[in-house]
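Trainee: Below you will find the structure I want to go over with you.
Derivation of every value follows stated rules applied to the coordinates shown; laboratory data play no part. Bear in mind that the values here come from a model prediction, so they are computed numbers and not experimental data. Positions of Cβ are backbone-derived with ideal geometry, glycine not excepted, and every protein chain shown enters the neighbour counts.
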Amino acid sequence: MDKEIPYKIYLEEDEMPKQWYNVRADMKHKPAPLLHPATMQPMTAKDLRPVFCDELIAQELNDTDAYLDIPAEIRDFYKMYRPSPLVRAYCLEKKLDTPAHIYYKFEGSNTSGSHKLNSAIAQAYYAKKQGLKGVTTETGAGQWGTALSMACSYFGLDCKVYMVKISYEQKPFRREVMRTYGASVTPSPSMDTKIGRKILAEHPGTNGSLGCAISEAVEAAASLDGYRYVLGSVLNQVMLHQSIIGLETKAALDKYGVTPDIIIGCAGGGSNLGGLISPFMGEKLRGEKDYRFLAVEPASCPSFTRGKFAYDFCDTGMVCPLAKMYTLGSNFIPSANHAGGLRYHGMSPVLSQLYADGLMEAVAVEQTAVFEAAEQFARVEGILPAPESSHAIKAAIDEALKCKEAGEAKTIVFGLTGTGYFDMYAYEKFHDGKMTDYIPTEAELKESFSKLPPQP
Ligand SMILES: *Cc1c(COP(=O)(O)O)cnc(C)c1O
């Protein structure tokens, strides 16, 4: 007999993982190396040193060690909000009248409201350990900036955030949370940096974009003594830190002898999805078990489903290294009506390689359908989900309904990455019927692909 499964599966503090899992160690085809933008040669640790923290560079380039110790100082911080609950969505199952078993790993119970704190605290720790004064970064929707502000204040580091201008204006409360934790927040593009001034001259009145804010943050870090740049997604190191999500999920499921059939996550730069699936993907790569993995992206920014697997710039200003990834082109800016987050043009090189190797699937969903799913979820499960997370909810509901049709009791696990309290502007548009769906045309994508750099 199966053990009765509680609504929430909590792990004990001492059951929390003490090591991160590095899925690259088990990949037969390793993700392609970052390339230097000037020489187009693989970036060495030395090349990366002016921009990134030393220890994080070592993690970024480490394709061989499967497990890396989580320093005790980071584990102590994790203990304040982890282990995060794995929730059995009994109420949603009942509402959908599905035989499927649905679970979600909830990462929104910390003040920053998302999983981003898992990597922010690690990155701040290594910056502090290196004796740096502070870090710079960009933020789009604001979750990363908030998480990093919290992490920096904990370790006494300065934090300079370049916030995409439209979010700066639409989410003033996010900005104030960051300032509460002592960060300085600048709308991007700004007049503070060379690249910001150039972009403003070329596109006066622009709303800004993540790619542009990244360029500004990198330039600021390089020009300030004792500062480095940190990034909240896409990079290998971020996915490594986020493996804590998947390790805890697996430990919780193992306690009750549950094996998932499908694991679902929303994909912006790929860090939560990558972290959630990592230990399960490791089993698949080692031939021990099989799972379906599903990335869910917005139809208005469809990197996996319509992008090209190619070397591309990570930023608009073309100052960052090139990564081989599914990309819509570094010039691609999602339509202004897109409210649902996940608006980055590229994708984690690790997930890109796994997707290219046929080890995972992807689906694109439209934002009104995403908000419908968000509302349906909120009304039965109680949690007000972030629009980003709601992409995963939408796909999980669709899979559960397929189970209903087929009469199959599959086990579905999805990542509920955060809460949506700061996204009420988007919810308001949805409620007022003013939310529209925008899907880029073939011609728009073709135009953007035509600006991809020459491939090595
Ligand atoms: C940043 C963010 C995402 C997307 O980022 P990934 O790196 O793809 O995980 C998803 N959900 C929330 C709540 C976020 O803040």
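Trainee: To the nearest Å, what is the center-to-center distance of the range 165-184 and the range 9-50, using C-alpha atoms only?
Mentor: The range 165-184 and the range 9-50 have Cα centres separated by 30 Å.
Trainee: Another one. Which pairs, out of LYS95/LYS250; LYS133/LYS171; LYS79/LYS289; LYS289/LYS451; LYS171/LYS394, put more than 32 Å between their alpha-carbon atoms?
Mentor: Cα-Cα > 32 Å for LYS289/LYS451; rest within.
Trainee: Before rounding to the nearest 500, sum -39500 (n - 2.57) across all DSSP H runs of length at least 4 in the chain and divide by the residue total; then give [θ] at 222 nm in deg cm²/dmol.
Mentor: One gets -12500 deg cm²/dmol as the mean residue ellipticity at 222 nm.
Trainee: Given Cβ point charges of +1 (Lys, Arg) and -1 (Asp, Glu) and nothing else, what value in debye, to the nearest 20, does the dipole of the range 30-183 about its Cα centre take?
Mentor: Details: 20 positive and 16 negative charges, 96 e Å.
Charge dipole, the range 30-183, about its Cα centre: 460 debye, nearest 20.
Trainee: Over what distance in Å are the Cα centres of the range 202-248 and the range 414-452 separated?
Mentor: Taking the Cα centre of the range 414-452 as reference, the centre of the range 202-248 is 20 Å away.
Trainee: Among MET325, MET16, which comes first, second and so on when ranked by fewest other beta-carbon atoms within 10 Å?
Mentor: Least to most surrounded, the residues fall as MET16, MET325.
Trainee: Using the Cα centre as the reference, give the magnitude of the dipole from point charges on the C-beta atoms of the range 3-74 (Lys, Arg: +1; Asp, Glu: -1; all else neutral), rounded to the nearest 20 debye.
Mentor: In total the dipole reaches around 480 debye.
Trainee: Using only the alpha carbons of the range 67-132, determine the length spanned along each of the three principal axes and report them from longest to shortest in whole angstroms.
Mentor: Largest to smallest, the principal-axis extents are 55, 26, 15 Å.
Trainee: So, with +1 on the Cβ of K and R and -1 on the Cβ of D and E, and no other charges, what is the size of the charge dipole of the chain about its Cα centre, to the nearest 20 debye?
Mentor: That gives the chain a dipole magnitude of about 580 debye.
Trainee: For LYS129 and LYS28, FRET efficiency with R0 = 45 Å and r from the beta-carbon atoms, rounded to 0.05? Don't skip to the end; give the middle numbers.
Mentor: Working: r = 34 Å, r/R0 = 0.74.
Computed FRET efficiency for LYS28 and LYS129 comes out at 0.85.
Trainee: According to a simple spin-label model (label point 7 Å from Cα along Cα-to-Cβ), what is the distance in nm between ARG179 and LYS198?
Mentor: 3.1 nm
Trainee: If you don't mind, there's one more thing I want to ask. Could you name the aspartates and glutamates in cross-link range of LYS402, using Cα to Cα under 14 Å and dropping any fewer than eight places away on the same chain?
Mentor: Within reach: GLU93, ASP97, ASP261.
Trainee: Fully extended, how many nm does the chain gain between ASP97 and ARG379 (0.36 nm per residue separation, minus their Cα-Cα distance)?
Mentor: The span from ASP97 to ARG379 would gain 100.0 nm if fully extended.
Trainee: Same structure again: Would you work out if the chain is rounded, prolate or oblate? Take a ≥ b ≥ c from the square roots of the eigenvalues of the alpha-carbon gyration tensor; rounded if a/c is under 1.5, else prolate when a/b is larger than b/c, oblate otherwise.
Mentor: Here the chain falls in the rounded category.
Trainee: Residue farthest toward the positive end of the dipole of the range 1-136, with Cβ of Lys/Arg at +1 and Asp/Glu at -1: which of HIS36, GLY131, ILE70?
Mentor: Positive-end residue among those listed: HIS36.
Trainee: From the Cα gyration tensor of the range 174-314, with a ≥ b ≥ c the square roots of its eigenvalues, which class applies: rounded if a/c is under 1.5, or else prolate if a/b is larger than b/c, or else oblate?
Mentor: Taking the square roots of the gyration eigenvalues as a ≥ b ≥ c, the range 174-314 is prolate.
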